[in-house]
Amino acid sequence: MMTRQQFTRAYQVSRRWVTVGVLALTILWFCLFLAVGSKVKTWFSASDAAELSWIAIALGLFVTGVFCIAKFVYRRHGLVCPSCGNWIASQSMMLKTGRCPKCKEEVFHDA
Ligand SMILES: [Zn+2]
């Protein structure tokens, strides 16, 4: 089990990696958006609904991607609750209390 110091360190490192990952994904997403967008331009002039649904799909993909990156990074650094798997926006609470805010399982030993 980690100490508070290790957890803090892992949290900082993870946030940096998530930021890098999100930036990379944004660039990738933008390229994809433009590439696919220019190919299906004919639909766009045909109907606004097609354009809107494409934007919705693209945004959905982006959000899913961010979610996957964050989960991967947090899991890799041991910032996911070992008991219930809770990880979304819980790290600051875990840092404060040393426990998972959801199931109250101890996440690190306060050394
Ligand atoms: Zn938990």
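Worth pointing out:
- Build a GNM of the chain with springs between Cα atoms under 10 Å apart, and of W54, W29, W17 the one that fluctuates most is W54.
- Degrees, to the nearest 10: 4-39 long Cα axis against longest axis of the chain: 10
- Across the stretch 2-109, the relative contact order, built from alpha-carbon pairs under 8 Å that are at least six residues apart, equals 36 percent.
- Order of C81, C103 under a 10 Å beta carbon neighbour criterion, fewest first: C103, C81
- Degrees separating the helix 48-76 axis from the principal Cα axis of the chain, which is the longest one: 20
- In terms of surrounding Cβ atoms within a 10 Å radius of their Cβ, H109, H77 rank from fewest to most as H109, H77.
- Length added when fully stretched, K96-A58, from 0.36 nm per residue minus Cα-Cα: 10.0 nm
- Distance between the modelled labels on V13 and L32, one decimal in nanometres: 2.8 nm (7 Å Cα→Cβ projection).
- Likely footprinting exposure, C68, C100, fewest C-beta neighbours within 10 Å first: C68, C100
- Using Cβ point charges alone (K and R +1, D and E -1), the dipole size of the chain about the Cα centre works out to roughly 380 debye.
- Contour excess over end-to-end distance, with Cα ends at Q5 and A89 and 0.36 nm allotted per residue: 28.4 nm
Each reported figure results from applying straightforward, stated rules to the coordinates on display, with no laboratory input. From a predicted model like this one, the values you see are computed outputs, not experimental measurements. Virtual Cβ from ideal backbone geometry, glycine too; neighbours counted across all protein chains shown.
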